[in-house]
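Report on the following structure.
Every number in this text was worked out from the coordinates using simple rules, so none of it is lab data. Everything quoted here is computed from the prediction, not taken from an experiment. Don't worry about glycine lacking a Cβ; one is built from the backbone with ideal geometry, like all the others, and counts go over all protein chains shown.
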There are 2 protein chains.
Amino acid sequence: MSLPHPTTDQISLPIVLAVLGDPTRLAIVRYLASKEGVPLNCSKFLDLASKTNLSYHLAKLREAGVTRSEAVGTSRLITLRRDDLDKRFPGLLDSVIAAADSDKDLPAVGVSEVEVSA
Amino acid sequence: MSLPHPTTDQISLPIVLAVLGDPTRLAIVRYLASKEGVPLNCSKFLDLASKTNLSYHLAKLREAGVTRSEAVGTSRLITLRRDDLDKRFPGLLDSVIAAADSDKDLPAVGVSEVEVSA
DNA sequence: TCCTTAGTTCAAAAGTTATTGAACAATTGG
DNA sequence: CCAATTGTTCAATAACTTTTGAACTAAGGA
């Protein structure tokens with residue numbers, strides 16, 4: 001941990017909803033959820049927005065308490081604060097992610113990626 | 001029905017989240033949920049905002065597909081589109097309402113009301 | 001040490017949303 | 001018909017949010 005994060009009980013519902021109500025941030029959260037446990041760095045999300053803009057969106061997610069950013073070397077490792085969100089707002093994250101997964105119009109990370117098969 | 005409403009499959013997740021990410025609108029939805037089945041008119045929400053401003057917020061909720069507004073005489077009867085939302089985003093509305101109910105900092109309808117007992 | 005990589009910060013511009021008051025429309029009761 | 005009630009619309013403004021590029025910092029490798 002390095003940057004300011006709200007504590008679990010400081011996480012606010014309207015702020016979380018507003019933060020998730022942006023397609024770019026929803027795509028980030030969805031991707032983090034799909035790689036749960038694996039801390040990702042910002043470069044993973046470069047197909048969603050510019051580096052500067054990503055920095056802005058990732059800061060919003062962090063400040064809302066949705067993600068945790070840890071400085072490691074020159075990278076930031078980003079993880080979903082699933083436990084904290086589940087404790088504070090039971091069921092919310094799961095239903096948002098399920099809804100996002102079912103929405104074909106949403107931007108997504110790595111959609112234009114080449115699938116590497118064995 | 002009288003005013004433009006999206007069909008169930010036109011309801012968009014980021015739009016719903018953004019619309020719910022406003023304390024006034026969250027309070028409206030919460031109150032509608034607590035009076036489920038009872039269509040309410042706008043005047044019920046006058047302690048949340050001015051008449052003009054309510055008109056704006058209620059239009060946002062309607063356009064997002066969260067509520068239904070029916071013109072009856074000079075009133076609008078407003079209901080939650082629970083079935084449609086549950087179909088489109090299972091579990092989402094319930095978890096948002098449960099989270100809102102547990103948040104003591106959120107504005108609410110009728111909080112300063114006198115309780116009329118028998 | 002110098003260069004590269006990873007990401008931030010800052011200020012400006014662009015775009016969007018919220019809030020207001022005054023004027024309007026439609027329905028209903030007297 | 002007249003007045004009251006219920007809510008909308010419009011234009012203005014205020015307040016935020018998003019996006020951008022240029023300049024920056026900090027760590028790590030050659």
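Over all residues in A:68-79, what is the mean tally of Cβ atoms on other chains that come within 10 Å of each residue's Cβ? Intermediate values should be presented prior to the final figure.
Values: counts 0, 0, 0, 0, 0, 0, 0, 0, 0, 0, 0, 0.
Mean shielding count: 0.
On full extension of the chain, what length is gained from B:V72 through B:S102, given 0.36 nm per residue of separation minus the C-alpha to C-alpha distance? Let's see the in-between values first.
Working: separation 30, 0.36 × 30 = 10.80 nm, distance 3.38 nm.
Working it through step by step, the gained length comes to 7.4 nm.
7 Å along Cα→Cβ for the label point: how many nanometres lie between B:T74 and each equivalent label in the other copies, listed shortest first?
7.0
Using the Cα atoms of the protein assembly as shown to build a convex hull, what is its mean projected area in square nanometres? List each step's numbers first, then the result.
Details: hull surface 64.5 nm².
Projected over every direction and averaged, the Cα hull of the protein assembly as shown covers 16.1 nm².
Which values, in whole Å and largest first, are the semi-axes of the equivalent ellipsoid of region B:1-114 obtained as the square root of 5 times each eigenvalue of the Cα gyration tensor?
Numbers: eigenvalues 78, 66, 31 Å².
Working from the Cα gyration tensor, I get semi-axes of 20, 18, 12 Å.
Output the relative contact order of chain B, whole-number percent, from Cα pairs under 8 angstrom with separation of 6+ residues. List each step's numbers first, then the result.
On the way: 133 pairs, mean separation 42.0, N = 118.
After rounding, I find 36 percent.
Lys/Arg Cβ at +1, Asp/Glu Cβ at -1, dipole of region A:8-99 taken about the Cα centre: which of A:T74, A:H57, A:F45 is farthest positive-ward?
Result: A:T74, furthest along the dipole toward the positive end.
Using r as the Cβ-Cβ distance of A:D86 and B:D9, and R0 as 22 Å, what FRET efficiency do you calculate, to the nearest 0.05?
Working: r = 29 Å, r/R0 = 1.31.
Result of the calculation: an efficiency of 0.15.
Which ordering of B:V96, B:V38, A:V109 is given by a fewest-first count of other beta-carbon atoms within 10 Å? Intermediate results must be reported in sequence, preceding the final value.
Values: B:V96 27, B:V38 10, A:V109 18.
Going from sparsest to densest Cβ surroundings: B:V38, A:V109, B:V96.
Can you give the charge dipole size of chain B about its Cα centre, rounded to the nearest 20 debye, using +1 on the beta carbon of Lys and Arg and -1 on the beta carbon of Asp and Glu?
Details: 14 positive and 15 negative charges, 70 e Å.
Using only the charged Cβ atoms, the result is roughly 340 debye.
Per-residue mean of other chain beta-carbon atoms within 10 angstrom of the beta-carbon, peptide B:86-99? Write down the numbers at each step before the final one.
Values: counts 0, 0, 3, 7, 5, 7, 7, 1, 4, 8, 8, 0, 4, 12.
Mean partner shielding for this stretch: 5.
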